[in-house]
Amino acid sequence: MPKTIKWGVIGCGGIARRRTIPEGLTKASNATLAAVFDVNSTANQEVAAQFGARSCGSIAELLASDVDAVYIATPVYLHCEHALAAIAAGKHVLCEKPLGMTVAEAEHMAAEAEKAKVKLGTALMMRFTAQHQAARKLIVDGALGKPVLGRAQLSCWYPRMEGAWRQDPALGGGGSLIDMGGHCIDLLEMFFGDVKKVSCFANTIVQDYKSEDSALAMLWFENGALGMVDAFFSIPDASSDNVLELYGTRGSVHAKGTIGQASHGSMVARLEGGAAGYDAQQSRTVAGEIEIAPEPVNPYRAEIEEFSQAILDNRAPAVGAAVGIRSQRVLAACYESARTSKAVDVL
């Protein structure tokens, strides 16, 4: 087995071009970018030239090459189709979230990957942010006590744009809830465990398109903790702190800007009895606050390195298909709750 994994990218414009290729695939220690494809031939050729990859004229050409793994960053309605094609070609697949349009699509993708004996991962890169991992360690070590409440926020200003697939639920599965709220729900489940019931409100109150621009989800976790997620396409970027708040019987964690595409923001813990056993870099300030400031980790690089290493070690990826299916189940319950104005169990 080689020490590096050769990657192909299907959908090399958008997030792939802005973040995953320059910060992840070209910087990872155990990965190389080999081939790219995009329906936009100009973008395809530009990305290939910029990053020294092969510009493929079709998905079939890319899948016929010697790439080991494929990163899929096409619009959501194409995730299942493109993932199944890559799986059928014997390629490992890291698919941008959400994993397909529906729970059924996500389950189908996972079943086909298992039959083909290839790995399927879900690109939820915010799990890899160093401060999120440090906060999770606090919870696992018991420093926060029994989890009581979690809040996660991710909002931006996203006006109507021609051809923006996120603004049509038939192409993106929904709007602000599935696109940004999905990250927030996933993070809270990483911290507190599975959600068992949701109550959600979603509406389009500002922007002029079909997808919701406003969403608020209330979560009831199996361990008894409660949660809130707010995700809006109708709040100016500079007006949203993208906060993360975690509360337990022994203290709290407060963060601004750690939720998002950057490598870090600011995070502090307020703990009863100190933070014994917590080994991240920290400095004490007034009012008993502990600054949580581990060495920053680029989440895109960490995501690619972890999935590549899973292939090299022939083990399950840390953020595999089960995580993507779980995300779709919670989101499906949220959308049902918003439609029916009732609390809904997560199946």
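If I go through region 187-215 residue by residue, how many of them are buried (at least 24 other Cβ atoms within 10 Å of the Cβ) and part of a loop (DSSP other than H, G, I, E, B)? Counting residues in region 187-215 that are buried (at least 24 other Cβ atoms within 10 Å of the Cβ) and part of a loop (DSSP other than H, G, I, E, B) gives 3. Spot the failing condition for GLN167; the list is (1) touching a residue at least 12 places away in the same chain (Cβ under 8 Å); (2) surrounded by fewer than 22 Cβ atoms within 10 Å (Cβ to Cβ), and only one is missed. Among (1) touching a residue at least 12 places away in the same chain (Cβ under 8 Å); (2) surrounded by fewer than 22 Cβ atoms within 10 Å (Cβ to Cβ), GLN167 violates only (2). Taking each residue of region 19-40 that is in the same structural domain as CYS95 (by TED's automatic domain parsing) and aromatic (Phe, Trp, Tyr) and looking for partners that are part of a loop (DSSP other than H, G, I, E, B) and at pLDDT 95 or above with beta-carbon atoms closer than 8 Å, six or more apart or interchain, yields PHE37/GLY11; PHE37/CYS12; PHE37/CYS56; PHE37/GLY57; PHE37/SER58. Would you mind stating whether CYS184 is surrounded by 19 or more Cβ atoms within 10 Å (Cβ to Cβ) and more than 23 Å from GLU303 (Cβ to Cβ)? Spelling it out, it is not the case that CYS184 is surrounded by 19 or more Cβ atoms within 10 Å (Cβ to Cβ) and more than 23 Å from GLU303 (Cβ to Cβ). Put simply, of GLY121, GLY163, GLY145, GLY174 the only residue that is more than 15 Å from LEU99 (Cα to Cα) and touching an Asp or Glu at 6+ places or on another chain (Cβ under 9 Å) is GLY145.
Restricting ALA73, ALA89 to residues that are more than 24 Å from TRP165 (Cβ to Cβ) and assigned by TED's automatic domain parsing to the domain that holds GLU306 narrows the list to ALA89. Of the residues making up region 179-231, those that are touching a helix residue (DSSP H, G or I) at 6+ places or on another chain (Cβ under 6 Å) and of a type in the set (Val, Ile, Thr) are ILE185, VAL195, VAL198, VAL229. Residues of region 27-46 that are part of a helix (DSSP H, G or I) and among the small types (Gly, Ala, Ser): SER41, ALA43.
Let's see how each residue does on (1) at pLDDT below 85; (2) within 19 Å of the chain's Cα centre (by Cα); (3) surrounded by fewer than 17 Cβ atoms within 10 Å (Cβ to Cβ):
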position	(1), (2), (3)
GLY277	yes, no, yes
SER283	yes, no, yes
ALA287	yes, no, yes
ILE290	no, no, no
ALA293	no, no, no
PRO296	no, yes, yes
TYR300	no, yes, no
GLU305	no, yes, no
ASP313	no, no, yes
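The values are calculated or read from the model by the stated rules, or taken from the named source; none is laboratory data. Source: prediction; values computed, not measured. As a convention, Cβ positions derive from the backbone with ideal geometry for all residues, glycine included, and neighbour counts pool all protein chains shown.
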